Each structure stands twice: as structure tokens, then as C-alpha cells.
Amino acid sequence: MPRNPPLILYVEDDGMLLTMYEQFFTIHGFSFAGAASFTAGMEMIPAQLPDVVLLDLLLPNMTTPIPEHVNHHLGLQLLEEIKKNPKTKGIPVIILSNIDEASVVRNAKELGAENFLVKAKIVPKDTLAAVKKVLQKRNIPLPEKRGPNPQKP
């Protein structure tokens with residue numbers, strides 16, 4: 001039975017983006033979790049089994065983001081690990097990255113990414129539309145928008 005509301009897990013080392021997307025998806029009725037590194041993503045995805053994973057490709061390897069440990073291959077490696085694991089392979093993954101190279105996009109899709117969004121070319125409502133499309137394709141009910149100040153009946 002699908003979880004209600006659906007859980008979005010975003011693997012992203014930029015704390016401001018995590019906070020913005022958490023507020024955005026929560027307003028739109030979703031549950032939200034954030035993982036700030038490759039390591040945290042590897043732990044949280046199988047533990048929480050989200051309905052959709054949003055995945056940045058430039059990730060730090062450690063649990064604390066240190067710029068010299070950022071590696072653009074770690075996001076693809078995490079995608080590969082998600083799709084290899086029988087427990088997580090069915091979770092749709094949407095890449096949300098500023099890498100805009102055809103070879104990387106192709107590689108991500110070959111590894112099983114559902115979609116590839118370039119951060120610099122989209123706004124949060126585009127990400128929301130991509131998430132809703134994936135959920136609808138899997139017949140997972142969409143949540144009702146909560147709004148910043150829900151009206152009392």
C-alpha cells in the first residue's frame with residue numbers, strides 16, 4: 001500500500017537547496033527527507049524507501065560536506081547502487097544537477113534515472129511536475145497542497 005503522503009528524498013549537499021525544496025514539497029503536501037552526502041544517501045534510501053529520490057550528481061563522499069571531497073561520479077555511483085539493490089531498484093530517481101553534458105545525461109538514463117533536470121534551467125515547480133508525473137505513472141496518489149497558511153474549515 002502506498003504511503004500517504006508520498007515521501008521525497010533529496011540527496012543534495014547544498015543546505016540552502018535542501019531547505020528550499022523541503023519547504024516547497026511540504027507546502028505541496030509531500031513528506032520530505034534530505035541527505036547531504038553520498039554516505040547519507042546510501043544509508044537513508046534503503047532505510048526510508050522513499051517514493052521518489054531527487055539526486056544531485058556532485059556529492060561529497062563524507063557525512064560533512066568538504067569541497068575537496070566533492071566528486072561528480074558519486075551521484076552516478078549512488079544511482080547505480082540504488083538500481084542494483086533489490087530493495088531499492090524500483091524507486092524512481094530524478095537527477096537534479098547542474099551538469100549539462102550529453103554523455104552524463106545518457107549515462108544517468110542508462111543507469112536507470114527516470115528524468116534528468118538541470119538546476120540552472122528549471123524552477124521548483126518544474127521539479128514538482130516531474131515528481132508528480134513519476135508518481136502518476138506508478139499510480140501513487142498525489143497529496144493535497146497544504147499551503148503556507150491552510151484555512152480552517
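Structure notes:
- The one condition in (1) modelled with pLDDT of 95 or more; (2) exposed (fewer than 11 other Cβ atoms within 10 Å of the Cβ) that GLY147 fails to fulfil: (1)
- Check on LYS109, in a loop (DSSP other than H, G, I, E, B) and over 14 Å from the mean Cα position of the chain (by Cα): no
- If you go through the range 72-90 and keep only what is crowded, with 20+ Cβ neighbours inside 10 Å and either touching a residue at least 40 places away in the same chain (Cβ under 8 Å) or under 9 Å from LEU57 (Cβ atoms) (or both), you end up with LEU74, GLY75, LEU76, LEU78, LEU79.
- Residue count, the range 1-59 (criterion: crowded, with 18+ Cβ neighbours inside 10 Å and among the charged types (D, E, K, R)): 4
The values are calculated or read from the model by the stated rules, or taken from the named source; none is laboratory data. On a predicted model such as this, the values are computed, not experimentally measured, just so you know. Positions of Cβ are generated from backbone atoms using ideal geometry, with glycine treated the same way; all protein chains shown enter the neighbour counts.
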